[in-house]
Amino acid sequence: MERETQLHRSLDELLHAGLSRRELMQQAVRLGLAVPAASVLLGTGSSLGAAAAQSSEAVSIGLTYDVTTLDATMQYDAQTINVYGNIYDTLLRKDWVNGEFSIQPHLAESITTINDTTWELKLRSGVKFHNGDEFTGEDVSFTVQRVLDPSVASPQFSNISGYDHVEVVDPYTIRIITKQPFPLVPITLCNLRIVPAKYFEQNGAEHVAVNPVGTGPYKFVEWVRGDHVTLDANPDYWNGAPGIKTVVFRIIPEDATRIAALQTANADLILAVPPINAPALETTPDLTVAKTLIERISWIELQALPESGRPTAKPEVRKAIAYAIDRDAIITALLLGNGEKVSTMLTPKHFGFSPDVPGYEFDLEQAKSLLADAGYADGVDLEFMVGTGGQSKEYAEAIAGQLSDAGIRAKINLVESAVLLAGWQKHDFGDMILGTWTSNTFDADGTLYPLFHSGTVWSNYNNPEMDRLLDQARSTLDGAAREGFYEQALQLLYADVPGVPLWEQMALYGLSKRLQWQPRPDQELFLVDASLSG
Amino acid sequence: MGLYIIGRVYQTALVLFGVSAVVFLLLHISGDPAALLLPQDATKESIEQFRHAHGFDQPLYIQFYRFLAGAVRGDLGNSLKFNQPALSLVLERFPATMELALAALVISIVTGIPLGIISAMKRNSPLDTAAMVVSMLGQSIPAFWLGIMMILLLSVKWQIFPPFGRGGISHLILPAISLSTWSAARVARLTRSGMIEVLGQEYIRTARAKGLANVVVVQRHALKNAMLPIITVLGLDLGGFLGGAVITETIFAWPGAGQLAMQSIYSRDYPVVQATVLLVASGYVLINLVVDVTYAYLNPRIRFG
């Protein structure tokens, strides 16, 4: 009876509430989860087709948007990597054992430094591409050259822009020559997929983009644009044949539809479950939610450049903002616990993170006092640019509400993501911008350099001391020295507050219990690590 | 007739030029594809390299000229995201959108017209009231709401239809209903009012006085005349379906041009958005031309100068 009442209440909410489309979707999915329970109560349930799509050898995965290309030297947005990450291999691989991050050999068996700008890699022999070509150093050289080639305009250029070229010493030994000492070589090799040089040269990029050939655990079968991509297990995979024979990636952009696909057994794994839907999925028999904290953080960038003339150019105002935000309350109420507060712009997963650098805890009185020190005893008006993606609007409204308690009147300027990014890059966003950041390098350089080194497209901060620390940290291979530079940089950020770190994001996946799979902090989706039961 | 068609082709070219110019301008002033397509930690150097490679560092009028020069040769550029010719990407998706739009049109016709006729024939009866309430609801309910409700009830709860994707007829029914509801309701209301007006005409009374059966009066005399405005509306709605498919295709994960357009708008993939808009606009103009010609055929009072 309670569930029937809940169903009726939910229906009533849907019919009468003035909800946005996204809110409606979320509410609708909540109702959808109540419906099967109600149908059992009312005796109207049917098992028709429920398990029709399931097979003991195949899994179906619900992606949020279409794959863009299967040429691994080009686009590398999350959904595209989810697919081609199973077709191609990298030379090294990120690994987490009991939460401890490490870089492991993969297509390369070892990596050593010859001098500050030369890295030597020994490659695995006997590895074949899906078309039978043998994997050698020429393929690595070709891949790097292609990504660095200005005429290719690869979106991955920034990943390896510190490389100069690759020398092929022999078929199974290569040397990566960097322009300057470049400590990020190992981590960037974890993101660089190796494509077959001969196949590429024979067939051209346009052909490869839709007919990929890699050395990975899965072979390409079919791509129907906007609908699905099918992969089959590579029985000759050098690291052992995958257990799951066939993987079908389905393109399902709407959250509600993706969840319906999971509920109707048309998908075994779905990405990007909204936090509001997670509790209901967790209580549905045969389904569960897998979660992991990821490298991506939510934060507020502040306009700290004195020449901007903005109130936030005063450090006291920036500190007042940092003190006035109660992040715990937002994480509890809006993220429903699916996030973790961060003190600095780095998470504990980053190289360069220091637990000794403090953060700003919620303190309304401190905020008011600092504001008065800045000459704004009667409050201050700020412009706050916010993108429409995800739950940003809700977060921004909560933050603005908290700021107003301290006398900071933040006027929200809600814009589409493209406009937000354009405004950010042109440094034209008012005083504050609500952003998210990930570099996928798990290294402080990927976050601190672009955001806080003067002169980058993202930075609104100019401090010669910060520039010096970040430049030194990126030009030495001495790990301990780098950690020292980054700790100083984090201390400087604490003192100057050009940005307010908010929380580390969590990725939520909806999962059929028949699929055994663990999410990774880098959000990569390797099916070779998954298995099916039953 | 020949002059009329030449005039229409000229108008079509003007419309397509206008549409291209507006879309080009709006897209270019509302965001930067480099910011959306490159990784977040992209360096200034790589952003500039991307812009230069795609000509975005050129003045806007030069970019527009290049776009037009390519368009007249049938080259709408390469997708920034997919690295494939934009036109072929859209054309590849168009059959799915047309399939959905035609299915929605069929639903509009087979539900809207009979409902309107029955309402007109049984005017002011409870049946008429019920039919008009249903059509009022159909015009009021947003397509995305109806789509989600149908997925929840007919896919998740009763498991009658698959919740998403393209396949056989079973995959087509829910998105087609979702897309057509507004149009079917409008057609029902127009049919009703048209039929009521025609049924009151003297020639209908004459036909009845001749002793013709009611079915013959309705089919041969009343419906043909009442159909004229409905054909216009159906033509407009078919064009509207091509645009409206953006939402429906996204909700039902239907792999058509609408879903592609949505993804391309978010990433400011200019060539794909422009190709989609040009194709939809061309389709819309063509459908209207066909409607006008059909109108003339059905109504001898209309003559083209």
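The values are calculated or read from the model by the stated rules, or taken from the named source; none is laboratory data. Remember, predicted model here, so these are calculated numbers, not experimental data. Here the Cβ is made from the backbone with ideal geometry for all residues, glycine too, and neighbour counts use every protein chain on show. For accessibility, only protein heavy atoms count, side chains too; no ligands or nucleic acids. Shrake-Rupley method; radii C 1.70, N 1.55, O 1.52, S 1.80 Å.
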Förster-model FRET efficiency, 22 Å R0, A:Ser308 and A:Asp381, C-beta, rounded to 0.05: 0.90
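Give the relative contact order (percent, whole number) for chain B; include only Cα pairs under 8 Å separated by 6+ residues.
On the way: 347 pairs, mean separation 84.0, N = 305.
It rounds to 28 percent for chain B.
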Using the basic label-point model (7 angstrom from Cα toward the beta carbon), what is the B:Ser88 to B:Gln219 distance in nanometres? 5.0 nm
Hey, rough spin-label estimate for B:His28 and B:Leu127, points 7 angstrom out along Cα→Cβ, what's it come to in nanometres? 6.0 nm
As a test of the formula, what do you get for the protein assembly as shown when each DSSP H run with n ≥ 4 contributes -39,500 (n - 2.57) and the sum is divided by the residue count, at 222 nm and rounded to the nearest 500 deg cm²/dmol? -15000 deg cm²/dmol
In Å and whole numbers, how far do the C-alpha atoms of region A:263-407 stretch along each principal axis, longest first? 60, 32, 28
Give the relative contact order (percent, whole number) for region B:191-294; include only Cα pairs under 8 Å separated by 6+ residues. 24 percent
Quick one: angle between helix B:2-29 and the longest Cα principal axis of chain B, in degrees between 0 and 90, rounded to 10, please. 50 degrees
In short, region A:163-210 residues buried by 30 Å² or more of accessible area relative to the isolated chain (1.4 Å probe) are A:Glu206
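To the nearest 20 debye, what is the magnitude of the charge dipole of region B:2-128 about its Cα centre, counting +1 on the Cβ of each Lys and Arg and -1 on the Cβ of each Asp and Glu? Display every interim value, and only then the final one.
On the way: 9 positive and 9 negative charges, 107 e Å.
In total the dipole reaches around 520 debye.
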Taking the full set of protein chains and a 1.4 angstrom probe, give the accessible area of B:His221 in square angstrom, rounded to the nearest 10. 50 Å²
What length, rounded to one decimal in nm, is gained on full extension from A:His165 through to A:Ser102, with 0.36 nm per residue of separation minus their alpha-carbon distance? 20.1 nm
With every protein chain in place, what's the accessible area of B:Arg208 (1.4 Å probe, Å², nearest 10)? 100 Å²
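Could you please state how large a percent of the accessible area of region B:167-305 is carbon and sulfur, counting protein chains only and using a 1.4 Å probe?
Its accessible area is 64 percent carbon and sulfur atoms.
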With x for Gly and Pro, the residue-by-residue ³J(HN,Hα) of region B:83-91, computed from phi through the Karplus equation 6.51 cos²θ - 1.76 cosθ + 1.60 at θ = phi - 60° and given in whole Hz, is 6, 9, x, 4, 4, 5, 4, 6, 4
So which residues of region B:154-174 lose at least 40 Å² of accessible area, probe 1.4 Å, when you go from the chain by itself to every protein chain present? B:Val156, B:Lys157, B:Trp158, B:Gln159, B:Pro163, B:Phe164
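Just to confirm, what accessible area per residue do you get for the protein assembly as shown at 1.4 Å probe, in whole Å²?
40 Å²
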What are the extents of the Cα atoms of the protein assembly as shown along their three principal axes, in Å, largest first? 105, 71, 62
Please give, to one decimal in nm, the separation of the simple spin-label points placed at A:Glu57 and B:Val110, each 7 Å out from Cα toward the Cβ. 3.9 nm
Is region B:134-246 best put as rounded, prolate or oblate by its Cα gyration tensor, with a ≥ b ≥ c the root eigenvalues, rounded for a/c under 1.5, and otherwise prolate when a/b is larger than b/c, oblate when not? prolate
Region A:184-263, accessible surface, carbon-and-sulfur percent (1.4 angstrom probe): 44 percent
Would you rank B:Val23, A:Val342 by solvent-accessible area, highest first, keeping every protein chain in place and using a 1.4 Å probe? B:Val23, A:Val342
Take the Cβ-Cβ distance between A:Leu364 and A:Thr283 as r, set R0 to 51 Å, and report the resulting FRET efficiency rounded to the nearest 0.05. 0.85
Peptide A:252-265, shielding by other chains (average Cβ, 10 Å cutoff): 6
Karplus 3J(HN,Hα) series, Hz, for region A:451-466 with 6.51 cos²θ - 1.76 cosθ + 1.60 (x for Gly, Pro): 8, 10, 7, 4, x, 7, 5, 8, 7, 10, 8, 9, 9, x, 5, 4
Packing rank of B:256-265, A:165-174, A:410-419, where each peptide gets the mean count of other beta carbons within 10 Å, highest leading: B:256-265, A:410-419, A:165-174
Tell me, what is the percent relative contact order of region A:154-278, built from C-alpha pairs under 8 Å that lie six or more residues apart? 11 percent
Sort A:298-305, A:196-203 by packing, meaning the average of other beta carbons within 10 Å per residue, with the highest value first. A:298-305, A:196-203
Taking amide H atoms as placed 1.01 Å from N in the peptide plane, list the residues 5 or more away in sequence, or in a different chain, whose amide H sits under 5 Å from that of A:Phe351. A:Asp443, A:Ala444
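Could you rank A:Arg318, B:Arg8 by how accessible they are, 1.4 Å probe, largest area first? Please list the in-between numbers first.
On the way: A:Arg318 10, B:Arg8 35 Å².
So the residues, ranked largest to smallest area, are B:Arg8, A:Arg318.
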So how much slack lies between A:Ser475 and A:Asp95, counting 0.36 nm per residue of separation and subtracting their Cα-Cα distance, in nm? 134.3 nm
So what are the ³J(HN,Hα) numbers for region B:63-73, from phi and the Karplus equation (6.51, -1.76, 1.60; θ = phi - 60°), rounded to whole Hz, Gly and Pro as x? 4, 5, 4, 4, 4, 5, 4, x, 4, 5, 8
Ballpark to the nearest 100 Å², how much total accessible area do B and A bury together, probe 1.4 Å? 5200 Å²
